[in-house]
Structure formats: structure tokens, C-alpha cells
Amino acid sequence: AYNELKSKVKIIGDVRGKGLMIGVEFIDPKSPKDELGTQASSGEIAALVQKMCFERGLIMEKGGDNGSVMRCLCALNVDDETISIALEIFEEVVLEIDSKNE
């Protein structure tokens, strides 16, 4: 689900992890690419994602370089319905923020 979202937006630079432990790195899509072709990480965008998710009832942890990585660290006993709701909220927020960064 997260990699599918990454393909739709410009503000996600990387998705890593397995199972319920996923890290989504946010980038500044307006930043220049470095010699490896990557753009600068954005703690500012990640903080906005975190804030907007929280306002909609989803608590997300932030970490990584410049606080630019949102971490999905669900309890191992989480049910499918709760995961679906969390993914829906996260996707809504990311799509909304991405549309404002074009």
C-alpha cells in the first residue's frame, strides 16, 4: 500500500521495512537532486503529515534524518479494520499535502 502511494506522489522519497514496521521518508520535491539523483529529506513535510494525521485520529511517529521519516509501528495484535482505517487516513493526508506541493 505504501509503495503504491509513493508512485502517486512526489513527496515520498523512500519506503522501507517489512510487515507492520514501515518507514516512509518524505522529501522536498522542489529541492535539487544530488549526485546520486536523490532529493533532500524534509522534516517539515513529515511534521505536517504527523500533525494532520493526529488531527484525524492517527498517531504517527517521526524519526530518521531531519525527522523526515514517518514510522508505522503498529501493535502486533492490530486487526485488519484498524490497519485499513490508518492507511486510509495516511493516504488522504499525503495526497492532500502532495497536491499543495506541486
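The values are calculated or read from the model by the stated rules, or taken from the named source; none is laboratory data. It should be emphasised that the depicted structure is a prediction, and the values quoted were computed from it without experimental measurement. Ideal geometry is used to build each Cβ from the backbone, glycine not excepted, and the neighbour counts take in all protein chains shown. In case anyone asks, the SASA skips ligands and DNA or RNA and just uses the protein heavy atoms, side chains included. Shrake-Rupley method; radii C 1.70, N 1.55, O 1.52, S 1.80 Å.
Things worth noting here:
- Residue in region 71-78 that is closer than 17 Å to Leu95 by Cα and of a type outside the set (S, T, N, Q) present: no
- Taking the criterion of being within 15 Å of Ala47 (Cα to Cα) and of a type in the set (D, E, K, R), the residues of region 61-90 that qualify are Glu61, Lys62, Asp65, Arg71.
- Top-ranked residue of region 1-50 - restricted to ones that are aliphatic (A, V, I, L, M) and open to solvent by 70 Å² or more (accessible area, probe 1.4 Å), ranked as modelled with the lowest pLDDT: Ala1
- Hey, Glu92 surrounded by 12 or more Cβ atoms within 10 Å (Cβ to Cβ) and of a type outside the set (Gly, Ala, Ser) or not: yes
- Subset of region 51-89 that is charged (D, E, K, R) and touching a residue at least 12 places away in the same chain (Cβ under 8 Å) - its residue that is surrounded by the most Cβ atoms within 10 Å (Cβ to Cβ): Lys62
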